[in-house]
Amino acid sequence: MNIPNEHIDMPLLTEKGIQLYIKREDTIHPFISGNKYRKLKYNLLEAKKQGKNTLLTFGGAFSNHIAATAYAGKEQGLKTIGVIRGEELAFKWQDNPTLQLAHRHGMEFYFVSRSDYRLKSEPAFLQQIRERFGDVYLLPEGGTNALAVKGCTEILTDADAKFDYICSAAGTGGTVAGLINASLPHQTVLGFPALKGDFLIEEIRTFVQNKRWQLVTDYHFGGYAKVDQQLVAFINLFKSKTGIPLDPIYTGKMLFGIFDLIKRDVFQPGTQILAIHTGGLQGIEGMNHILKKKNLPLLDV
Ligand SMILES: *Cc1c(COP(=O)(O)O)cnc(C)c1O
């Protein structure tokens with residue numbers, strides 16, 4: 001699959017002599033967008049190879065991975081079960097566009113408390129899951145495992161050799177790990193975590209074979225799924241100038257960060273940057289629900 005890189009033309013880029021391109025992985029598929037398609041690809045093949053008929057995975061109420069797994073399962077004739085963080089959602093998941101979408105694609109939900117959710121990788125919890133749901137193919141939260149990282153190496157192609165920096169948003173780090181493994185010796189991968197905390201460095205290290213990467217941790221906007229008016233204004237401006245929609249949880253924060261680094265002259269004139277649009281656009285509607293409740297400006301759709 002050959003996904004086009006789109007050249008971005010904005011005054012700041014011209015002024016600073018920076019070439020910025022965006023790889024439109026968000027155009028891969030309306031529901032399995034961007035990196036979630038890459039991460040599921042080899043896992044779906046493996047599930048079938050093992051003769052499993054059910055995929056079970058984990059996520060929060062906004063999870064693009066939950067939405068993508070539901071759709072992929074339906075497409076591949078596999079049952080899907082989502083273990084969802086937050087017991088309270090059992091009574092109001094119908095208000096959540098991501099969960100609605102997943103449900104429409106046939107996903108069954110199992111809502112667990114935040115404290116139980118934290119135990120989701122413990123053997124005892126997994127044993128309980130297997131007793132309850134049978135012989136399922138387990139995908140970890142965010143879909144990150146070795147097969148997912150392998151899928152993400154396919155984001156980069158030979159034509160991307162000209163870039164100096166490859167940038168991607170990071171949640172669990174699987175996508176960044178794939179990009180690192182696929183990068184060339186003259187390239188540096190920059191990961192922009194959407195969450196607070198340092199756990200990502202160790203997680204990424206377990207999957208990668210080189211050290212040409214760095215995490216830029218200043219642009220999480222207070223944590224996962226947190227936004228402010230400045231970020232919303234940036235996303236709306238970016239869309240109006242380039243026609244490219246960004247999601248508020250991952251790609252909006254990454255591009256805000258890239259522009260801020262450019263403003264602060266972190267990159268030499270002449271630098272060529274490739275930013276991966278990892279998708280996530282299904283999350284805009286859910287974020288607008290929240291912004292509306294708080295009487296804040298909405299994301300343009
Ligand atoms: C899930 C997701 C990410 C994070 O991917 P990881 O592999 O978990 O780091 C980034 N961007 C978007 C749009 C996503 O949906």
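At a glance:
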{"read-out": "Test: K41 is charged (D, E, K, R), buried (at least 18 other Cβ atoms within 10 Å of the Cβ) and not assigned by TED's automatic domain parsing to the domain that holds L126", "value": "no"}
{"read-out": "Qualifying residue in the stretch 4-22 (condition: aromatic (F, W, Y) and buried (at least 19 other Cβ atoms within 10 Å of the Cβ))", "value": "no"}
{"read-out": "When residues of the stretch 145-160 are limited to those that are away from the ligand (no atom under 13 Å from the Cβ) and in a loop (DSSP other than H, G, I, E, B), the one farthest from L20 (Cα to Cα)", "value": "E154"}
{"read-out": "Subset of the stretch 161-193 [part of a loop (DSSP other than H, G, I, E, B), within 16 Å of the ligand (Cβ to nearest atom) and over 18 Å from P140 (Cα atoms)]", "value": "S183"}
{"read-out": "Selection from the stretch 266-291 of residues that are within 16 Å of the ligand (Cβ to nearest atom) and assigned to a loop (DSSP other than H, G, I, E, B)", "value": "H277, T278, G279, G280, L281, Q282"}
{"read-out": "Failed item in (1) surrounded by fewer than 16 Cβ atoms within 10 Å (Cβ to Cβ); (2) touching a strand residue (DSSP E or B) at 6+ places or on another chain (Cβ under 6 Å), with G243 passing the rest", "value": "(2)"}
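The values are calculated or read from the model by the stated rules, or taken from the named source; none is laboratory data. No experiment lies behind these values; they were computed from the predicted model shown. Neighbour counts are summed over all protein chains in view; Cβ atoms, including those assigned to glycine, are modelled from backbone coordinates with ideal geometry.
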